[in-house]
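Visitor: Submitted below is the structure of interest, expressed as structure tokens.
The values are calculated or read from the model by the stated rules, or taken from the named source; none is laboratory data. These numbers come from a predicted model, not from an experiment. In this analysis, Cβ positions are derived from the backbone assuming ideal geometry, glycine residues included, and neighbour counts consider all displayed protein chains. Side chains are part of the model used for accessible areas, which takes the heavy atoms of the whole protein and leaves out ligands, DNA and RNA. Shrake-Rupley method; radii C 1.70, N 1.55, O 1.52, S 1.80 Å.
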Amino acid sequence: MHLPNHDIGRHLQADLFGITPERLRGEDALVSMLGSALAKAGFHVLRRDSHAFPGPGGVTAVFMLTESHLAIHTYPEHGYAALDLFSCGAARPEDVLEALTSGLGATRVERVLTPRGRGLLEPAAVLPTPVTT
């Protein structure tokens with residue numbers, strides 16, 4: 001009998017391209033946008049930290065979530081942002097990516113959604129039942 005695979009979580013990595021450089025420099029606006037997207041998608045923020053690099057530099061922001069974490073790094077000089085979101089709960093990382101893509105005005109997105117901990121969780125209903133005599 002084949003037992004279905006169940007995941008501990010899902011890990012979303014996304015590259016967002018074609019973004020106006022000014023949108024990638026605004027630390028407060030970016031952190032606010034991410035916080036709103038996370039809340040709407042059902043994530044719960046425990047802590048967050050961010051840093052704007054000097055001059056025309058980008059922003060790095062990290063959110064510690066009850067469901068795991070989100071990190072983003074922006075590169076205004078390339079119109080590019082790199083997103084990393086791990087979720088071990090019911091919240092959908094895809095919803096955060098959709099909101100971020102729209103909010104930043106990305107013209108192209110490449111994403112990889114990887115199941116994590118595949119096969120570690122098996123529902124009790126399909127596990128073999130011990131036989132007693």
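Visitor: Compute the angle between helix 27-40 and the longest alpha-carbon principal axis of the chain, please, reported from 0 to 90 degrees and rounded to the nearest 10.
Guide: 30
Visitor: What number, in percent, do you get for the relative contact order of the stretch 1-81 if the mean sequence gap of Cα pairs under 8 Å and at least 6 apart is divided by its residue count?
Guide: Computed over the stretch 1-81, the figure is 33 percent.
Visitor: Turning to a different aspect of this structure: I'm spelling it out carefully: the read-out is semi-axes √(5λ) of the Cα gyration tensor in Å, the candidates are (1) 49, 16, 10; (2) 24, 17, 13; (3) 37, 15, 11, and one was derived from this structure. Which label?
Guide: (3)
Visitor: Size of the dipole of the chain about the Cα centre, Lys and Arg at +1 and Asp and Glu at -1 on the beta carbon, nothing else charged, in debye to 20?
Guide: With only Lys, Arg, Asp and Glu charged at Cβ, the dipole is about 160 debye.
Visitor: Same structure again: Could you compute how much accessible surface Met64 exposes when probed at 1.4 Å, giving the result in Å² to the nearest 10?
Guide: 80
Visitor: Still on this structure, I have one more. Using a 1.4 angstrom probe on the protein heavy atoms only, could you order Tyr75, Tyr80 from most to least accessible area?
Guide: Tyr75, Tyr80
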